[in-house]
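**Student:** Before we start, here is the structure in question, set down as structure tokens.
Throughout, read-outs are computed from the coordinates displayed, never taken from laboratory work. Bear in mind that the values here come from a model prediction, so they are computed numbers and not experimental data. Glycine gets a Cβ as well: all are built from the backbone with ideal geometry, and neighbour counts include every protein chain shown.
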Amino acid sequence: MKQIFELHEGRCIDKWEHYFEIYDFWFQKYRGKEVHILEIGVFQGGSLQMWKKYFGENARIYGIDINPDCKQFEEENIKIFIGSQEDRNFLNDLKQKLPKVDILIDDGGHTMNQQIISFQELFDHVKSDGIYLCEDLHTSYWPNYGGGYRESKTFIEYSKNLIDHINAWNSREDNFRPTEVTKSTYGLHYYPSMLIIEKRLMQKPMSVTNGSYVLKIKDFPYPDFKLSLIKRIINRIKRSFRKPNYKLK
């Protein structure tokens, strides 16, 4: 990825240097495959060209920008839509025109409202095994973008709530139960100025045990250990009666 950037002679690309290693780590599995990428924020159109070179001829690249002049940057396998990323009507209309995407990159206006609304409206348009990436999160600390350290309305603070969502299976309170985010998010990966949200269809985690017990159960101080042990034993018995999920040839 860094090499493609350094050899690039097309339109301007503006990225932070440490992003390229992160891009390559998460995106390399899509190279050479039929992949759909949506980037919010076209700027000079250079990054769209970079994705095209990196992913290959089977990639379909889509861009969003509020500046109508960016429409001129369309080319083969690159299509650009003009509209605001904080316009919910525009985003919902866009979802009717685009297939679900494998990768979504929010490199748009970087204001708090823009980042939050884009996530709320477009996260469900990323495939169930795809990647949602929001970058330039340093603006969450810049007052002129609506940011500030521990300001409640920043995207950083908003995204911290997602930690609760991916752990909601463990909630014992009626007012906090698993959500669509819980059921579709495998991991949250924070880097300087960047959050990668790794999607995967999720089910309630199940505890498993193996091996023999040596210490007496009654000596364990954990309040739920005995109860969880009983559940584990029951689950082990249930699994022993399951039919194998493979077929003999």
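**Student:** Can you tell me the length gained on complete extension of the stretch Asn167 to Asn89, counting 0.36 nm per residue apart and subtracting the Cα distance? Mind showing how you got there, number by number?
**Tutor:** Details: separation 78, 0.36 × 78 = 28.08 nm, distance 3.11 nm.
Going from the current span to full extension adds 25.0 nm.
**Student:** Short version: what are the Cα gyration tensor semi-axes of the stretch 70-114, square root of 5 times each eigenvalue, largest first, in whole Å?
**Tutor:** On the way: eigenvalues 67, 39, 27 Å².
Square roots of five times the eigenvalues give 18, 14, 12 Å.
**Student:** Hey, could you pull the Cα Rg and Dmax for the chain, both in Å?
**Tutor:** 22.4, 73
**Student:** If you don't mind, there's one more thing I want to ask. Mind checking which of Asn210, Tyr30, Pro143 is farthest towards the positive end of the chain's charge dipole, using Cβ charges of +1 (Lys, Arg) and -1 (Asp, Glu) about the Cα centre?
**Tutor:** Asn210
**Student:** Now for a separate question. Among the DSSP beta bridges whose two residues both lie in the stretch 2-199, what percent are antiparallel, rounded to the nearest 5? Walk me through the numbers on the way to the answer.
**Tutor:** Numbers: 12 of 32 bridges.
Around 40 percent antiparallel, to the nearest 5.
**Student:** With +1 on each Lys and Arg Cβ and -1 on each Asp and Glu Cβ, how big is the dipole of the chain about its Cα centre, in debye rounded to the nearest 20? Walk me through the numbers on the way to the answer.
**Tutor:** Values: 37 positive and 34 negative charges, 518 e Å.
Computed charge dipole of the chain: roughly 2500 debye.
**Student:** A follow-up question, please. In whole Å, what are the Cα extents of the stretch 85-147 along the three principal axes, biggest one first?
**Tutor:** For the stretch 85-147, the Cα extents along the three principal axes come out at 36, 25, 14 Å.
**Student:** Taking loop as defined by DSSP and a crowding limit of 15 other beta carbons within 10 Å, which GluC sites (Glu not before Pro) in the stretch 111-173 fit?
**Tutor:** On the way: sites: Glu121, Glu135, Glu151, Glu157, Glu173; in loops: Glu151, Glu173.
Filter output for the stretch 111-173: Glu151, Glu173.
**Student:** Work out which helices of the chain, taken as complete DSSP H runs, extend at least 20 Å along their axis over the Cα atoms and score a mean Kyte-Doolittle of -0.5 or more, then list them.
**Tutor:** 225-240
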